[in-house]
Amino acid sequence: MAAMQQQHASHLLLLLLPVFLLLAAGGVSARASSVIRSTCAAVAKSTPYPYCVLTMSANPAAASATDARGLAAAVADLTTANVTRTIDVLNELIRGLQGCVFTYQAMQGSVAGALDDLRAGRLHPASSKLRAASWQPDYCDLDLLQIINKDPIIDENNASHLLSGLASNIAGLIAAAPAPPPLPPR
């Protein structure tokens, strides 16, 4: 998992490092081959010229291409590598989200049990279950951050954490007070 992330970062760095070096050196367009410059000019209506020149100049296969077909093949190879990395990231995301589904199913059970306890007047067990539930979104965050280094559901996780924490705090507050009569069934 971590090795795959490092591999992705290494590939991306290898792809982007020449671009940054060329940018730092300036005059990228002037250094690009005439094949790159003319091909990029020809596709400038659909692909920004600077992006085209930088991308192809930074790639050894494209930089040494002698015609547009060689450029197309080099960029197709880059595309293949990018698609492969994207599929790897998506598979890792799916794995992380499956872990989150399991975590949230456990949280759902804890909250349902706490709700039953609250309705029955069992405040201490309800408070404990809600407190335990309040940490579940953090496990989902950790899973996603460890797997893909980002959390696409951070807003939802934060809301779940805050809401279940609030319910836990309220249950803890009323658990410390004299026990009220149970709530009527719904």
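A Förster radius of 41 Å combined with the Cβ-Cβ distance from Leu166 to Ile87 puts the calculated FRET efficiency at roughly 0.55. For the stretch 29-186, which whole percent of the accessible surface, found with a 1.4 angstrom probe, sits on carbon and sulfur atoms? Roughly 64 percent of what the probe reaches on the stretch 29-186 is carbon or sulfur.
For Ile154 and Thr66, a Förster radius of 45 Å and the Cβ-Cβ distance give a FRET efficiency of 0.40, rounded to the nearest 0.05.
Note on Ser34 and His124: the model spin-label points, each 7 Å out from Cα along the C-beta direction, lie 8.8 nm apart. Computed from backbone phi with θ = phi - 60° and the Karplus coefficients 6.51, -1.76 and 1.60, the 3J(HN,Hα) list for the stretch 149-160 is 6, 7, 10, x, 10, 4, 5, 5, 4, 4, 4, 5 Hz; x is used for glycine and proline. Please report the base-10 log of the normalised intensity I(q)/I(0) for the stretch 27-168, using a Debye sum with one equal scatterer per alpha carbon and no solvent, at each q in 0.14, 0.16, 0.19 (1/Å). Each listed q maps to, in turn, -0.73, -0.82, -0.98. Between Leu183 and Ala73, the distance separating the two model label sites (each 7 Å from Cα on the Cα→Cβ line) works out to 7.0 nm. The string of couplings for the stretch 116-130 from the Karplus curve (6.51, -1.76, 1.60, θ = phi - 60°) is 4, 5, 4, 5, 8, x, 8, 6, 5, x, 4, 4, 4, 5, 5 Hz, one whole number per residue in order, with x for Gly and Pro. In this structure the stretch 63-152 gives 58 Å² per residue of accessible area when probed at 1.4 Å with all protein chains present. Entry for the stretch 94-186 at q = 0.14, 0.21, 0.24 Å⁻¹: log10 I(q)/I(0) = -0.53, -0.91, -1.08, Debye formula applied to identical alpha-carbon scatterers, no solvent contribution.
The values are calculated or read from the model by the stated rules, or taken from the named source; none is laboratory data. In this text, all values refer to a predicted model and were calculated from it rather than measured experimentally. A quick note on method: Cβ atoms are made from the backbone with ideal geometry, for glycine too, and the neighbour counts reach across all protein chains shown. For accessibility, only protein heavy atoms count, side chains too; no ligands or nucleic acids. Shrake-Rupley method; radii C 1.70, N 1.55, O 1.52, S 1.80 Å.
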